[in-house]
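Undergrad: Once you've had a glance at the structure underneath, I'll fire off some questions.
Bear in mind these aren't lab numbers, they're just calculated from the coordinates by the rules spelled out. From a predicted model like this one, the values you see are computed outputs, not experimental measurements. Here the Cβ positions follow ideal geometry from the backbone for every residue, glycine too, while neighbour counts run over all protein chains shown.
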Ligand SMILES: Cc1cc2nc3c(=O)[nH]c(=O)nc-3n(C[C@H](O)[C@H](O)[C@H](O)COP(=O)(O)OP(=O)(O)OC[C@H]3O[C@@H](n4cnc5c(N)ncnc54)[C@H](O)[C@@H]3O)c2cc1C
């Protein structure tokens, strides 16, 4: 099927404004590079999501839920499937009592800021994480000693059978940058975070401190996808990369950041292939030097699976 065919098929369920055949994914991913998706759609309600996924599955088309694309790279040859963005109802954030309820497509950082305005503490770590709540839950995103699993109370999800289920913390299989959503193709519909009452000045001071550390230590001026590798059990990925002498190493327009070796940045002209080739080079050189295996933290979409 062509992108146009898929778009035509999905126009039964969605307004055409929300259907984008052959969409360049550089606009939808923080690396600002990569190929096209067969079709990108935006859904606004659970019902729309269910209908779109049922239709896509019936045609055996690959599909993926995309949040803010801040942990995703699309291969230059593109993704031959349907990319689903969660808009509308999925972007809502509500703070009531000690609970912050957020749609899967809501900004994780915005939710943390709204919680802070209500003097709720526990979510400050999320302020500089640029993804959605769905992406954060899937990855068990974390920073500065905090992570999603510390604050999550329940998650509503859509199963591959189209059933809505509610998962409690013990069912979410959280690990380091890992959750049940990495094993099963469920969609995070919304999540409830439970926080504590805090002191407004202390909360704001923490948020400012974390932002300052990010500005000082991370290459926020160039497109990137955060830490490209998970930390191995032996220590910090960035330290192994730096100690292997790879700071500033580059292939085409992709470069290991000198500021933070855990980041690969797009210095302007990087292709997805440059980034993947550099990831592979870093992995093999770190392995040759320290016998440490680095596993990618990012999701790579495409057919070639060269990483
Ligand atoms: C400058 C910068 C700093 C960063 N700092 C941190 C950090 O401190 N800590 C950290 O953990 N990460 C960090 N990241 C990485 C990234 O922001 C997080 O992993 C974030 O949680 C990804 O969210 P996203 O919406 O962008 O996910 P995407 O990149 O859109 O998707 C990532 C994965 O999640 C899946 N997914 C997305 N939404 C859903 C959903 N609703 N249901 C099911 N699956 C879904 C996708 O299919 C994909 O497999 C950073 C990234 C950048 C660019």
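Undergrad: Give me P(r) over region 219-301, computed from all C-alpha to C-alpha distances, binned every 10 Å, as integer percentages.
TA: Answer for region 219-301: a P(r) of 21, 58, 20, 1 percent.
Undergrad: Let me ask another. Taking 7 Å along the Cα-to-C-beta vector as the label spot, tell me the residue 216-residue 17 distance in nanometres, rounded to one decimal.
TA: 4.5 nm
Undergrad: Between residue 176 and residue 61, what is the label-point separation in nm under the 7 Å Cα-to-beta-carbon projection?
TA: Placing both labels 7 Å beyond Cα along the Cβ direction yields 3.9 nm.
Undergrad: Now for a separate question. Rounded to the nearest 5, what % of the DSSP beta bridges within the chain are antiparallel ones? Kindly include the intermediate steps, with their values, before the conclusion.
TA: Numbers: 38 of 51 bridges.
Beta bridges within the chain, antiparallel portion: roughly 75 percent.
Undergrad: Sticking with this structure for a sec: If we restrict to alpha carbons, what Rg and Dmax does region 3-86 come to, in Å?
TA: In Å, with Rg to one decimal and Dmax whole: 11.9, 33.
Undergrad: Right, next: Between residue 159 and residue 2, what FRET efficiency comes out of the Förster formula 1/(1 + (r/R0)^6) with R0 = 45 Å and r the beta carbon distance, rounded to 0.05?
TA: Numbers: r = 30 Å, r/R0 = 0.66.
With a Förster radius of 45 Å, E is 0.95.
Undergrad: What is the distance in Å between the Cα centres of region 158-178 and region 249-284?
TA: So the separation of the two Cα centres works out to 33 Å.
Undergrad: For n ≥ 4 DSSP H runs only, could you compute -39500 (n - 2.57) per run for the chain, divide by its residues and tell me the 222 nm figure to the nearest 500? Each step should come with its number before you reach the end.
TA: Values: 9 runs with 90 residues, N = 307.
-8500 deg cm²/dmol, from helical runs alone.
Undergrad: Quick check: convex hull of the Cα atoms in region 81-200, volume per residue, rounded to a whole Å³?
TA: Details: hull volume 12.6 nm³, N = 120.
Convex hull volume per residue, Cα atoms: 105 Å³.
Undergrad: Next question, about the same structure. Starting at 0 and stepping by 20 Å, how many percent of the alpha carbon pairs of the chain end up in each bin?
TA: With a bin width of 20 Å, the distribution comes to 32, 58, 9.
Undergrad: Any chance you could run the full-extension gain for residue 92 through residue 24? It's 0.36 nm times the residue separation minus the Cα-Cα distance, nm to one decimal. Display every interim value, and only then the final one.
TA: Working: separation 68, 0.36 × 68 = 24.48 nm, distance 2.65 nm.
Extra length from residue 92 to residue 24 when fully extended: 21.8 nm.
Undergrad: A further question follows. Out of every Cα-Cα pair in region 70-136, what percent are more than 20 Å apart? Numbers along the way, then the final one.
TA: On the way: 779 of 2211 pairs.
So the portion of pairs separated by more than 20 Å is 35 percent.
Undergrad: Sort 29, 121, 132 so that the residue with the fewest other Cβ atoms within 10 Å of its own Cβ comes first and the one with the most comes last. Don't skip to the answer; put the middle values down first.
TA: On the way: 29 24, 121 18, 132 31.
Ranked by crowding around the Cβ, least crowded first: 121, 29, 132.
Undergrad: If you don't mind, another one. If I model a spin label as a point 7 Å beyond the Cα along the Cα-Cβ vector, how far apart are those points for residue 166 and residue 292 in nm?
TA: Going by the 7 Å Cα→Cβ label model, 4.3 nm.
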